[in-house]
Amino acid sequence: MLSLTKRFLKLLFRFEAALATLAYVVALLALLADITARQFFGTSLIHAGKVALFAAIFAGMLGMGLATTSGTHFRPKFADNLFSYFWQKRLQRLGDIFSGLLFLLAAYIAFELVRSSYEIGFLVPVLDWKLWWFQLILPYAFCSNALRHLLFAFSPSIKPTDLDLE
């Protein structure tokens with residue numbers, strides 16, 4: 001069961017990393033096309049900035065899960081040695097449970113936002129595209145992170161160790 005969970009998290013990481021990379025490529029190409037159009041043709045691509053913005057938001061939301069899976073979140077470490085090793089492990093599990101529940105709450109709120117945007121029919125200004133399509137990344141990213149933290153809480157051996165990013 002443990003290796004299946006690790007395999008699932010690895011596949012999820014690769015899938016989300018590929019999507020985030022694709023989103024950054026879309027953002028780059030949109031901005032590059034806009035700059036090229038302005039410099040060489042004297043015109044601007046009116047939608048390019050918004051497309052790049054949404055692509056970057058999409059990539060950033062996926063990046064949250066990538067950081068969780070790889071243990072690369074920035075966090076304060078001043079309290080790391082206040083408790084004994086015995087308590088540290090239990091507090092880490094409690095922290096993962098709390099984080100998982102907090103992400104589930106955020107996912108619920110995000111889902112309600114998407115549902116509301118869908119029902120009202122909000123459109124992206126200038127583009128006139130349905131906003132809820134772009135908002136779908138929010139509940140997905142929050143659910144994805146909730147799942148990761150809850151898996152880490154119930155199987156601490158699969159949790160990545162924090163990288164020393166100082």
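The values are calculated or read from the model by the stated rules, or taken from the named source; none is laboratory data. All of these numbers come straight from a predicted model, not from anything done at the bench. So basically every Cβ, Gly included, is an ideal-geometry build from the backbone, and we count neighbours across all protein chains shown.
Any residue in the stretch 99-110 that is over 16 Å from L147 (Cβ atoms) and either in contact with a Leu (Cβ under 8 Å, 6 or more places away or on another chain) or assigned to a helix (DSSP H, G or I) (or both)? Scanning the stretch 99-110, I find at least one residue that is over 16 Å from L147 (Cβ atoms) and either in contact with a Leu (Cβ under 8 Å, 6 or more places away or on another chain) or assigned to a helix (DSSP H, G or I) (or both), so the answer is yes.
For every residue, the table says whether it meets (1) β-branched (V, I, T); (2) more than 20 Å from W133 (Cβ to Cβ); (3) touching a residue at least 24 places away in the same chain (Cβ under 8 Å).
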position: K6; (1), (2), (3): no, yes, yes
position: L12; (1), (2), (3): no, yes, yes
position: A18; (1), (2), (3): no, no, no
position: T36; (1), (2), (3): yes, yes, no
position: H47; (1), (2), (3): no, no, yes
position: F78; (1), (2), (3): no, yes, no
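So that you can scan it fast, the table gives a plain yes or no per residue for (1) more than 15 Å from C143 (Cα to Cα); (2) small (G, A, S):
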residue: A18; (1), (2): yes, yes
residue: G49; (1), (2): yes, yes
residue: P76; (1), (2): yes, no
residue: N81; (1), (2): yes, no
residue: D96; (1), (2): no, no
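Go over the candidates Y85, Y108 one by one and state the one that is modelled with pLDDT of 95 or more and of a type in the set (S, T, Y). Walk me through how you get there before you give the answer.
Details: Y85 fails: modelled with pLDDT of 95 or more.
Y108 is the lone residue from the list that is modelled with pLDDT of 95 or more and of a type in the set (S, T, Y).
Of the residues making up the stretch 26-65, those that are under 19 Å from V126 (Cα atoms) and hydroxyl-bearing (S, T, Y) are T43, S44. Every condition in (1) modelled with pLDDT under 90; (2) touching a Leu at 6+ places or on another chain (Cβ under 8 Å) holds for A20 except the one numbered (1).
In the stretch 59-87, what residues are part of a loop (DSSP other than H, G, I, E, B), under 29 Å from L28 (Cα atoms) and of a type in the set (A, V, I, L, M, F, W, C)? The one that is part of a loop (DSSP other than H, G, I, E, B), under 29 Å from L28 (Cα atoms) and of a type in the set (A, V, I, L, M, F, W, C): F74. Selection of the stretch 65-93 for residues being in contact with a helix residue (DSSP H, G or I) (Cβ under 8 Å, 6 or more places away or on another chain), more than 29 Å from T21 (Cβ to Cβ) and not polar (S, T, N, Q) yields D80, F83, K89, R93.
Search the stretch 111-166 for residues being of a type in the set (S, T, Y) and part of a loop (DSSP other than H, G, I, E, B), and hand back the single one that is farthest from the chain's Cα centre (by Cα).
Here is the first cut: in the stretch 111-166, the ones of a type in the set (S, T, Y) are 116-118, 140, 144, 155, 157, 161.
Narrowing further to those that are part of a loop (DSSP other than H, G, I, E, B): 155, 161.
Working: S155: 22, T161: 19 Å.
Of everything passing the filter in the stretch 111-166, S155 is farthest from the chain's Cα centre (by Cα).
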